[in-house]
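Engineer: Could you have a look at this structure, given as C-alpha cells, before my questions?
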Amino acid sequence: MPVETKELKMSEGLLSFITEWKKKPGNLIMILHRVQGEFGYIPKGIAEELGKMLDVPLAKIYGVITFYHFFKLEKPGKHTISVCMGTACYLKGGQDLVGELEQLLGVGCGGTTDDGQFTLEAVRCIGCCGLAPVLTVGQEVFGKLTTDKLPEIIAKFK
Amino acid sequence: MAVKNYILVCGGTACESAGGGDIYKSLLSEAEAQGVAEDVQIVKTGCFGFCEKGPIVKVLPEQAFYVEVKPEDSKEIIAETIVKGRIIDRLQYKSDQGAKGEAFDIENIEFYQKQYRIVLRNCGLIDPEKIDEYIARDGYAALEKCLFEMKPEGIIDELKIAGLRGRGGAGFPTWMKWNFTKQVQDEQKYVVCNADEGDPGAYMDRSTLEGDPHSVLEAMTIAAYCVGANKGAIYIRAEYPLAIERLETAMKQAREYGLLGDDILGSGFNFDLEVRLGAGAFVCGEETALLASIEGNRGMPTPKPPFPAVKGMFQKPTVINNVETFANIPVIINKGGEWFSKIGTEKSKGTKVFALTGKIKNSGLVEVPMGTTLREIVFDVGGGIPSGKKFKAAQTGGPSGGVITEKDLDTPIDFDNLIAIGSMMGSGGLIVMDEDDCIVDVTKFYLDFSVEESCGKCAPCRIGTKKLYEYLDKITKGKGEMEDLEKMKDIGSAMKKASLCGLGQTAPNPILSTIENFYEEYREHIEDGKCRAGKCKDLVHYEIIADKCIGCTVCARKCPVNCISGERKKPHVIDQDKCIKCGACYEGCKFDAITVS
Ligand SMILES: Cc1cc2nc3c(=O)[nH]c(=O)nc-3n(C[C@H](O)[C@H](O)[C@H](O)COP(=O)(O)O)c2cc1C
Ligand code: SF4
Ligand code: SF4
Ligand code: FES
C-alpha cells in the first residue's frame, strides 16, 4: 500500500527498499540516496515519514542531510547543469563556464530558473579530467568546452 | 567458426560520454549488416588511459589504434579493417614525435612506452561486465591459491616481502595493517574498501573499478580470509554511477560462480560484501570518518588510536584499504612478493597510477614504476605542455599536497622523495600547470576547497582554513602585505600540530609549498600589484597600444560592458573605470594590439 504524505507518496519500490534496509545497521544514508533518486531531493514530508518508519529523530535525519553536499532540500529544476570545478577543470576555465551560464540562465550557482527548467550547480571532479573543462546535464557529459558552446547545450534541453 | 578479430571499444567514463556507447552499438549493428558478426568479437572495455584522444577503438590483431572515433565511422571500420584487413589512415593514431612508416605497434606509442601496468593490467583489455574474461586472465587464481595452498600467515609474509604500501595517500605498509586485525581476537571482523576518491582532479580508482572490478573483489576476499572477516563493504562516491553499476554486476556474477558468499569454492570460507554510497563529503575519505558515514552518521573523524584495524566499523576490527592497494594484491599472490619487490625504489615498491591532467598534451591515466621521474611522466608519457607553453609546476597530493617545480623534475618519484621535496604522493592526482597559471590563484582554489570540506569538528581546521583563505584572497585582490606570508606560515604550523585529522593537518601544505617555491610570485602580487599570469582579475590591466591598433572595432563589439570606444580605422581606447577585466577584447584582437599587465 503506497503511503501518502501531505503531497507526495512513497512508491512501492521505495517502500520495499526501506523494508529491506530497515534491518541493516547504518541504513540512513542508503535510504536517503534512494529517496533522492525518486524525488530529486529530500522532501520534508518524506523525511518526517522516514523518521517514524526508522524510529530516528528528525534532527538526526536533517543533521545527516545537511552534512553531505549530495543531498538536496529543495526541488531542483527539470535539468541540472553541473559544472565541474575540480582542479583540472578549474585550470582550464571552469570558472568562465560558471560565469557565462549564470549570465545565460539568469541564476546564480545553486539556483533554479524561474520556469523551473534548469538548476545550475558546481561540482567536484567527475572523473573526465581528460576532457576538461566539462559539465553534465543529467547523465550526459559535455567536454572540452568553451563558453561559446553553452547556448547550444542549453537550447538542446529547452 | 572461430573469431578472427577483436574490436576493443573504450567504455571508460570519458570515452563513453564522448560517444563510446553509441560506437559500440553501431559497430555491433554494422558487423551484423555486413555479415561478419561471426568473425569479430566486439568488447566494451575499461579505460585505456589515453583519455585525451578518446573515444578510442582498438582492432586486434591488425594493431589498429583509432582515436577520436565517431559513431559514423563504424561502417568504415567494419568494411575496411574487419572485412579487408586495412588500417584506416584517417583514424589511426599518429605520433607527432616518432619515426613513421615502420610496423606500428600499440606498445610503441610514447604514451604507453614508459608505463608498466599492474593495477591497470586488465583495463582496456577485458569486458568488465564479464567475469569469464577476468578469469581467463588469471582472475581468481590468487584467491584459489590463498584458500587452498596458503595459510593467513603466509599471505602476510608475501605482502611483507612485496613491500606493498597503501595507495590511499599515507603509504602505510599493508601487511602491518592486516596483521593488526588478524591478531585481534573477535568473532566479527570487517574488510572495507575506500573508493571515496575525494581529490578533485583524480580518477584512478574510478577507472580501476570501471575497468576491472573483479580485481578489487578478489583482493577483498583474500584480505577477509587472511584476517578472519566474513563481511565487507565498498564505500564509493555516489558521483560514480558507472563504477557502482559495474561493481554490482561483478558482485552478482562472483556470487553465481561461488567466488563470493557462503562456502567460497567449496573451501568452507564465507565472505560477502555490500556497496555503501558516499554523499559528497571529502572528509569521508579519511578512514574514521568513512566508517562513521557507513554507520549512517555525519562523517566526522574520531581521534586515533584506536585505529580501525583494532576498533573500526561498528566498533569491530576492520581492515580498510584503498582501491589501488587492493588491485595490486592478486598479482602479488600470483607472481610472488619477491617479483613485486624488484619493481620500484628501495622503500616504495611496485607502480603508481596517476591521473595526469591540466596543461598537458596527453592527459589520461598512467601507471609507472615507482622511481620514475616527473620529467619522464610529463614530457615522455604526457607529451609535454601544449601550445609551446612553458612548464611551471606539477601538483601532487591534491588539497593536501604541494608543487614540484623545474628543479625537482629529475627526482625519482616515490613516497619519501615527494615528502622530501615538500609535496606528497596523495592518491595520484598529478596536475600540470604552465606559465598561464597563477600560483597564488591555484593555491586559493585548494584552500577554498578545504574551507568547504572541513567538517568543522575541531577549531584549528575550521578557523585556520578560513583565515588562510582570507589572506590568499586579500593577496589576489592586491591588498596583501608581506607580513601575511609569515602569518600564514604560523597558522599553518599550528594547524599541522593541533588538527584532529589529516584534512586539517595537511590543508596548509599547498600554501607552505608554494611560498617556498614561488616566493617571488607572491611578492609581485603584494609589492608590485602584479599577477604575471594575468589570472587575478583585480590586478590585471588591459590596454590598447595605439601604434598597433588598426581600428577594426572587433574589441569594441566583443566587450560585454561596452567600455571600448573609438572610430573605425582609428586607435581604440578602454575606459579603465568600467572595464570588468573579462579579457574578451584581448582574446578577440587579431593584431596583438592589446596588452595585459
Ligand atoms: C582528508 C582525507 C581524505 C582522504 N581521502 C581518501 C580517499 O579519497 N581515498 C583513499 O583511499 N584514502 C583516503 N584517505 C586516506 C585514508 O584515511 C586511509 O589512509 C586509506 O584509506 C588507507 O588505505 P591504504 O592503506 O590502502 O592507503 C584520506 C585521508 C584524509 C586525511
Ligand atoms: S581537522 Fe578538520 S576535517 Fe579533520 S576533524 Fe578537524 S575540523 Fe574536521
Ligand atoms: S581588436 Fe585590436 S586592432 Fe581591432 S580595434 Fe581593438 S585593439 Fe584595435
Ligand atoms: S577536474 Fe573536472 S572532471 Fe576532473
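Engineer: Report the antiparallel proportion of the DSSP beta bridges in the protein assembly as shown as a percent, rounded to a multiple of 5.
Structural biologist: DSSP beta bridges in the protein assembly as shown are roughly 55 percent antiparallel.
Engineer: Evaluate 2.2 N^0.38 Å with N set to the residue count of chain A, then give the Cα radius of gyration divided by it.
Structural biologist: It is 1.19.
Engineer: Two decimals is fine: what is log10 I(q)/I(0) at q = 0.10, 0.11, 0.18 Å⁻¹ for region B:131-340, from a Debye sum with one equal scatterer on every Cα and no solvent?
Structural biologist: Result of the Debye calculation: -0.37, -0.46, -1.35.
Engineer: Give, ordered by residue number, each residue of region A:30-48 whose 1.4 Å probe accessible area is reduced by a minimum of 30 Å² on adding the remaining protein chains to the chain alone.
Structural biologist: A:30, A:33
Engineer: State the Cα centre-to-centre distance between region B:358-426 and region B:191-208 in whole Å.
Structural biologist: Between the Cα centres of region B:358-426 and region B:191-208 lies a distance of 19 Å.
Engineer: I would also like to ask the following. Over region B:541-596, give the accessible area per residue in Å² for a 1.4 Å probe, as an integer.
Structural biologist: Spelled out: the 1.4 Å probe surface of region B:541-596, per residue, equals 66 Å².
Engineer: Separate question: If you take the charge dipole of chain B about its Cα centre, with +1 on Lys and Arg Cβ and -1 on Asp and Glu Cβ, which of B:221, B:591, B:170 is farthest toward its positive end?
Structural biologist: B:591
Engineer: Answer with one residue from B:574, B:109, B:323: the one whose Cα lies farthest towards the positive end of the charge dipole of the protein assembly as shown, charges on Cβ with Lys, Arg +1 and Asp, Glu -1.
Structural biologist: Result: B:574, furthest along the dipole toward the positive end.
Engineer: Given chain A, what percent of its DSSP beta bridges are antiparallel, to the nearest 5?
Structural biologist: Beta bridges within chain A, antiparallel portion: roughly 55 percent.
Engineer: Under a GNM of chain A (C-alpha, springs under 10 Å), which listed residue has the highest mean-square fluctuation: A:92, A:24, A:72?
Structural biologist: Among A:92, A:24, A:72, the largest GNM mean-square fluctuation belongs to A:24.
Engineer: So, one more: I'd like the distance between the alpha-carbon centres of region B:262-293 and region A:16-75, rounded to an integer number of Å.
Structural biologist: Distance between centres, Cα-based: 20 Å.
Engineer: Could I ask something else about it? Could you work out the Rg to Rh ratio of region B:309-409, with Rh taken as the Kirkwood radius (inverse of the mean 1/r over all Cα pairs)?
Structural biologist: 1.08
Engineer: For region B:430-565, what is the largest minus smallest coordinate of the Cα atoms on each principal axis, given in angstrom and ordered from greatest to least?
Structural biologist: 61, 29, 27
Engineer: I need the semi-axes of the equivalent ellipsoid of the protein assembly as shown: take the C-alpha gyration tensor, multiply each eigenvalue by 5, square-root it, list largest first in whole angstrom.
Structural biologist: For the protein assembly as shown, the ellipsoid semi-axes come out as 41, 33, 29 Å.
Engineer: Add +1 for every Lys or Arg and -1 for every Asp or Glu among the other residues with Cβ under 9 Å from the Cβ of residue B:90, and state the total.
Structural biologist: Result for the local shell: -3.
Engineer: At the nearest 100 Å², what buried accessible area, both sides summed, do you get for A and B when the probe is 1.4 Å?
Structural biologist: Interface between A and B: roughly 3600 Å².
Engineer: Moving on. About its Cα centre, how strong a charge dipole does region B:529-569 have in debye, to the nearest 20, once Lys and Arg get +1 and Asp and Glu get -1 at the Cβ?
Structural biologist: Roughly 180 debye, rounded to the nearest 20.
Engineer: If one computes P(r) from the Cα atoms of region A:79-156, what percent of pairs lie at distances over 19 Å?
Structural biologist: So the pairs more than 19 Å apart make up 24 percent of the total in region A:79-156.
Engineer: About its Cα centre, how strong a charge dipole does region A:39-158 have in debye, to the nearest 20, once Lys and Arg get +1 and Asp and Glu get -1 at the Cβ?
Structural biologist: On the way: 12 positive and 13 negative charges, 55 e Å.
The dipole of region A:39-158 has a size of about 260 debye.
Engineer: Restricting the calculation to Cα positions, tell me the Rg (one decimal) and the Dmax (whole number) of region B:351-434 in Å.
Structural biologist: 11.2, 33
Engineer: Rounded to a whole number of µm²/s, how large is the Stokes-Einstein D of region B:541-596 at 25 °C and 0.890 mPa s, given Rh as the Kirkwood radius over C-alpha pairs?
Structural biologist: After rounding, the answer is 229 µm²/s.
Engineer: Ok, one more. Taking chain B as the reference, fit the longest principal axis to its C-alpha atoms, fit the long axis of helix B:152-162 to the helix C-alpha atoms, and give the angle between the two in degrees, 0 to 90, nearest 10.
Structural biologist: That works out to roughly 40 degrees.
Engineer: Follow-up. For peptide B:294-300, compute the average count of partner chain beta-carbon atoms within 10 Å of each residue's beta-carbon.
Structural biologist: 6
Engineer: Skip the ligands, DNA and RNA, and give the accessible area per residue of region B:131-340 with a 1.4 Å probe, whole Å².
Structural biologist: For region B:131-340, the per-residue accessible area is 33 Å².
Engineer: If you average the sequence gap of Cα pairs under 8 Å that are 6 or more apart and divide by the length of chain A, what percent do you get for the contact order?
Structural biologist: On the way: 206 pairs, mean separation 28.7, N = 158.
RCO, chain A: 18 percent.
Engineer: Additional query: What does the charge dipole of the protein assembly as shown about its Cα centre add up to, to the nearest 20 debye, if the Cβ of each Lys and Arg holds +1 and the Cβ of each Asp and Glu holds -1?
Structural biologist: Roughly 1060 debye, rounded to the nearest 20.
Engineer: May I have the convex hull volume per residue, in Å³, for the Cα set of region B:5-110?
Structural biologist: Residue-normalised Cα hull volume stands at 88 Å³.
Engineer: Take chain B, drop everything but the C-alpha atoms, weight them equally and run the Debye formula without solvent; then report log10 I(q)/I(0) at 0.08, 0.10, 0.12 Å⁻¹ to two decimals.
Structural biologist: Values returned for q = 0.08, 0.10, 0.12 Å⁻¹ are -0.64, -0.95, -1.24.
Engineer: Based on the mean of other beta carbon atoms within 10 Å per residue, what is the order of B:291-303, B:477-489, most packed first?
Structural biologist: B:291-303, B:477-489
Engineer: Accessible area of the protein assembly as shown with a 1.4 Å probe: how many percent of it is carbon plus sulfur?
Structural biologist: With neighbouring chains kept in place, the figure for the protein assembly as shown is 50 percent.
Engineer: Rank-order B:383-390, B:536-543 by packing density, defined as the average count of other C-beta atoms within 10 Å over each peptide's residues, highest first.
Structural biologist: B:536-543, B:383-390
Engineer: Then there's this: Heavy-atom accessible area per residue, region B:439-528, 1.4 Å probe: how many Å²?
Structural biologist: Here the residues of region B:439-528 average 41 Å² of exposed surface.
Engineer: Oh, and also: Roughly speaking, what is the centre-to-centre gap between region B:478-538 and region B:540-597 when only Cα atoms are used, to the nearest Å?
Structural biologist: Rounded to whole Å, the Cα centres lie 33 Å apart.
Engineer: Can you tell me the orientation of helix B:241-256 relative to chain B, as the angle in degrees between its alpha-carbon axis and the longest Cα principal axis, to the nearest 10?
Structural biologist: 0
Engineer: Give, as a single signed number, the net charge of other residues whose beta carbon lies under 12 Å from the beta carbon of residue B:410, with Lys and Arg counted +1 and Asp and Glu -1.
Structural biologist: -1
Engineer: Partner chain Cβ atoms within 10 Å, averaged over the residues of B:349-359 - can you pull that number for me? Before the final figure, lay out each step's value.
Structural biologist: On the way: counts 0, 0, 0, 0, 0, 0, 6, 3, 12, 8, 3.
Mean shielding by partner chains, rounded to a whole number: 3.
Engineer: What average count of beta carbons from other chains do you get within 10 Å of the Cβ of residues in B:276-282?
Structural biologist: Numbers: counts 5, 7, 4, 12, 7, 4, 2.
Mean shielding count: 6.
Engineer: Let me check against my output: what whole-number percent is the relative contact order of region B:139-228, with C-alpha pairs under 8 Å and at least 6 apart? Don't jump to the answer; show the numbers that get you there.
Structural biologist: Details: 66 pairs, mean separation 36.3, N = 90.
In percent, rounded to a whole number, it is 40.
Engineer: Let me ask you something else. Across region B:439-528, how many lysine pairs separated by 8 or more positions, or lying on different chains, have Cα atoms within less than 16 Å?
Structural biologist: Close lysine pairs found across region B:439-528: 25.
The values are calculated or read from the model by the stated rules, or taken from the named source; none is laboratory data. Every value quoted in this text rests on a predicted model; they were computed, and no experiment measured them. In this analysis, Cβ positions are derived from the backbone assuming ideal geometry, glycine residues included, and neighbour counts consider all displayed protein chains. Heavy atoms of the whole protein, side chains included, go into the accessibility calculation; ligands, DNA and RNA do not. Shrake-Rupley method; radii C 1.70, N 1.55, O 1.52, S 1.80 Å.
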